[in-house]
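Take a look at the structure below.
Readers should treat all values here as calculations from the given coordinates under stated rules, not as data from a laboratory. The structure presented is a predicted model; accordingly, all values stated were derived computationally and were not measured. A quick note on method: Cβ atoms are made from the backbone with ideal geometry, for glycine too, and the neighbour counts reach across all protein chains shown.
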Amino acid sequence: MPALDPDLKKAIVHMPGVEKDKLLLRLIAKDAVLTEKLQFELVEHSATLDERRDLIRQFIDRTANLNADSAGWLMMDMRTVSGYIARHLKVTKDKYGEVELMLYMLNTFYDHNAHLLAKYNSRTDKAADYIAKRTDQVLKKVAKLDPDYHIEFADDIHKLLSWVHYAAPAHYARQLGLPKEWLV
């Protein structure tokens, strides 16, 4: 996006307040994420964080129960859910929630669709790669959180690592150097 011309900046600063407000409201309405972020911060006063997490958990449960036909469909469903989690992070800046929801997503999808990811083959290749990379990403994000939170995530991470290393994603888990056990 090109930078604003200095003369234009000055002209905008010197606009009457009412005109600036109208212009600002029109611009905000065009950006859905910004609108949702302002709604969360200014109207909800960040009080609906748990409700937002619960909505995403419910979406994960519904999506994981769809009985995907193949590992490819499963990966597409996980990518859709990941998009919702990313939007949640953009709106709320909830890094703890991002990790919690990502762990919940990976474990829930595996719990409901383990049969699709039991063996590594050409049909599970892309999904296995995606899962291993997501696992690596989650571990890096957990490491950045306060160490007090590590205990809360320990069981979910152990569960995730155990199936990642003994199912279709094992090949990619080794390539990425994912640990077999997570030390708190």
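What's the extension gain from Ser46 to His115 if we count 0.36 nm per residue and subtract their Cα-Cα distance?
Going from the current span to full extension adds 20.9 nm.
Kindly express, to the nearest 10 degrees and within the range 0 to 90, the angle between helix 125-144's C-alpha long axis and the longest C-alpha principal axis of the chain.
60 degrees
Relative to the longest principal axis of the chain, what angle (0 to 90°, nearest 10) does the C-alpha long axis of helix 147-166 take?
Long axis of 147-166 versus the principal axis of the chain: about 50 degrees.
Highest mean first, how do 31-43, 9-21, 117-129 rank when packing is the count of other Cβ atoms within 10 Å averaged over residues?
Put in order of decreasing packing, that is 117-129, 31-43, 9-21.
In nm, to one decimal, how far is the modelled label at Val33 from the one at Lys90, with both set 7 Å along Cα→Cβ?
It works out to 0.3 nm between the two label points.
Does the stretch 7-90 come out rounded, prolate or oblate by the C-alpha gyration tensor, with a ≥ b ≥ c the root eigenvalues, rounded set by a/c under 1.5 and, if not, prolate when a/b is larger than b/c and oblate if not?
The shape class here is prolate.
How far, in degrees from 0 to 90, does helix 49-64 lean away from the longest principal axis of the Cα atoms of the chain, to the nearest 10?
Value to nearest ten degrees: 40.
Mind listing the long-range amide H neighbours of Ala68? Cut-off is under 5 Å, sequence gap 5 or more, other chains count too, H placed in the peptide plane at 1.01 Å from N.
Under 5 Å from the amide H of Ala68: no residue qualifies.
Any idea what % of Cα-Cα pairs in the chain are farther than 26 Å?
So the pairs more than 26 Å apart make up 44 percent of the total in the chain.
Quickly estimate the mean residue ellipticity at 222 nm for the chain, helices only: each DSSP H run with n ≥ 4 gives -39500 (n - 2.57), and the total goes over all residues, rounded to 500.
Dividing the helical sum by the residues of the chain leaves -23500 deg cm²/dmol.
Distance cut-off 29 Å, Cα to Cα: go down the list Lys20/Lys95; Lys22/Lys144; Lys9/Lys90; Lys30/Lys141; Lys37/Lys140 and report the pairs above it.
Lys20/Lys95; Lys22/Lys144; Lys30/Lys141
If you put +1 on each Lys and Arg Cβ and -1 on each Asp and Glu Cβ, how big is the dipole of the chain around its Cα centre, in Debye rounded to 20?
In total the dipole reaches around 620 debye.
With labels modelled as points extended 7 Å from the Cα through the Cβ direction, what inter-label distance (nm, one decimal) is found for Arg79 paired with Arg26?
Once both label points are built, they end up 3.7 nm from each other.
Given axes a ≥ b ≥ c from the Cα gyration tensor, I'd like to know whether the stretch 76-115 is rounded (a/c under 1.5), prolate (a/b larger than b/c) or oblate.
It comes out oblate by the Cα gyration axes.
Distance in nm between label sites at Tyr149 and Arg123, each 7 Å beyond Cα in the beta-carbon direction?
Rounded to a tenth, the inter-label distance reads 3.8 nm.
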